[in-house]
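Notes for the one structure printed next.
The values are calculated or read from the model by the stated rules, or taken from the named source; none is laboratory data. Computed from a prediction, not measured in an experiment: that's the story for all the values here. Note that each Cβ is placed from the backbone with ideal geometry, even for glycine, and that neighbours are counted across all protein chains shown. We work out accessible area using only protein heavy atoms, side chains counted, and drop any ligands, DNA or RNA first. Shrake-Rupley method; radii C 1.70, N 1.55, O 1.52, S 1.80 Å.
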Amino acid sequence: MRGKQAPDGAFFYARIQAARQTSPQPTQKASGTMASDKPIRSPRADKIGKVVSPESTTPPRLITLILLSALAVLPVNMILPSLPNIAATFQADFALVNLSVAGFAIITATIEAIGGAISDRFGRRLVVLTSLSLFVAASIGCALAPDIGTFLLFRAMQACIGPCYSVALVIIKETSGEREAASKFGYLAMGWALAPMVGPLFGGTLDELFGWRSSFVVFAILGAATLALSMHQIRSRAGPLSRSRGTYFVAYRLLLSSGRFWAYTLCMASSMGVLYVFLGGAPLVVGDALGGSTAKLGFYMGLVPTGFIFGSYLAGRYASKASLGATLVFARLLTCAGLLVGLVSSSLGTAHVLAFFGPCVFIGIGNGLTMPAANSGALSVRPDLVGTAAGLAAAMRIGGGALIASLAGLFLADSVPLLFLMMLASATLALLAALYAALLDRRQPAD
């Protein structure tokens with residue numbers, strides 16, 4: 001009996017070996033699975049182990065984030081040419097209708113601070129989709145508004161689009177390295193700057209052809225298109241959520257106790273202050289020199305936003321090759337140098353219009369370089385509160401710039417040297433903040 005078992009066992013062993021040799025594919029699959037560093041899990045194992053699929057971590061395309069940032073600022077001034085017609089339609093006082101612009105900016109700054117914190121706790125996707133949905137509904141409400149009260153209510157609701165710019169910054173920050181993020185911020189800022197430039201022209205054309213309500217129809221269409229893109233590309237968990245950070249006030253306190261956060265935000269606020277002082281003072285000091293032509297004034301004032309786009313392009317192209325501190329200091333030195341040339345030139349009595357607007361171009365170039373680097377630095381202070389940092393920095397940038405412009409407005413007069421002096425003072429404050437940020441970064445490099 002035992003003499004027959006051995007040959008039979010050898011025979012069956014040989015048959016098994018032959019079967020393995022003739023069908024290598026299962027063996028290769030099995031060995032591939034065993035050799036893999038990431039073995040395949042069942043759906044239940046994925047759920048328990050919280051394995052995130054590659055799809056959920058794929059960042060949205062940069063063009064989608066640029067659309068989000070542009071749409072967040074386009075409603076601010078696209079309706080400017082339509083304000084008289086809106087007032088005439090509702091038979092309302094122009095000052096009341098003007099609240100649709102000034103009030104919009106104030107509400108946007110407030111919602112930016114809140115929306116960033118909410119995105120840390122509940123995710124980026126929720127904030128973006130909610131903001132866009134409310135924006136589309138509010139745009140339709142403005143287009144159909146029967147009276148000024150309803151119009152202003154829906155116009156205030158439109159400000160919900162504000163956090164989309166901050167969230168776009170956050171998504172880039174979470175999916176890119178430090179210098180790469182600053183580079184992408186530059187391209188994002190180009191869209192953010194281009195929208196206010198073309199907005200009034202686009203809105204005025206729509207108003208002339210189809211009436212002022214058509215601008216809000218376009219807002220609804222753009223919002224719906226961006227909503228569709230965002231639903232497809234922005235995943236439910238675009239970044240770490242700070243669920244364990246307690247109240248929102250704790251998150252704000254953690255950021256406001258950071259010297260680096262203050263340095264970056266003060267640099268941005270002072271840089272915006274320079275721009276706001278220019279916007280408020282330029283028509284006053286050079287209006288007569290242009291013969292009262294608003295078209296010429298608009299052309300020359302457009303040189304500064306053009307400089308911002310150029311500076312943002314430079315940031316997108318070269319920011320990844322330099323440190324944030326070096327970029328900030330260079331940008332602020334550039335602006336101060338340009339304004340100093342303007343101050344000296346105007347003090348010597350040079351009255352040509354380009355002697356004023358030429359140096360002011362450096363306001364735009366410097367700000368275009370400053371904003372991407374400063375935003376990247378502010379978002380690096382607390383990686384667990386990046387959304388809160390983005391929203392709070394945006395609110396402080398807008399509020400701080402407006403405060404500087406308001407203080408400067410108390411001293412504005414029909415004097416070109418005085419205007420240059422006030423702009424240079426704000427630019428110098430921004431330079432000091434940039435130097436402080438660079439010093440802190442050398443002692444405590446960003447994550």
Self-check item: Contour excess over end-to-end distance, with Cα ends at Asn98 and Arg317 and 0.36 nm allotted per residue
Solution: 75.0 nm
Quiz item: To the nearest 10 Å², what's Tyr318's accessible area with a 1.4 Å probe?
Solution: 110
Quiz item: From a point 7 Å beyond the Cα of Leu201 in the direction of its Cβ, which residues of region 69-94 have a backbone N at a distance under 12 Å?
Solution: none
Practice problem: Could you order Asp414, Asp288, Asp207 so the one with the most accessible surface comes first? Probe is 1.4 Å. | Solution: Asp288, Asp414, Asp207
Self-check item: Two-site label geometry, Leu144 and Phe122: point separation in nm, points 7 Å out along Cα→Cβ
Solution: 2.5
Practice problem: For Ile398, Ile172, give the ranking by accessible area with the largest first, probe 1.4 Å. | Solution: Ile398, Ile172
Quiz item: Which residues in region 156-173 place their backbone N less than 17 Å from a point set 7 Å from the Cα of Ile106 along the Cα-to-Cβ direction?
Solution: 156-160
Quiz item: Along the Cα-to-C-beta direction of Leu432, a point sits 7 Å from the Cα; which residues of region 364-407 have their amide N less than 19 Å from that point?
Solution: 397, 400-407
Practice problem: Compute, for Ile107, the solvent-accessible surface of its heavy atoms (probe 1.4 Å) with the complete set of protein chains present, and express it in square angstrom to the nearest 10. | Solution: 60
Quiz item: What is the distance, in nm, between label points placed 7 Å from the Cα along the Cα-to-Cβ direction at Val341 and at Glu180?
Solution: 3.7
Quiz prompt | region 73-148 - Debye-derived log10 I(q)/I(0), Cα point model, q = 0.12 Å⁻¹ | solution = -0.42
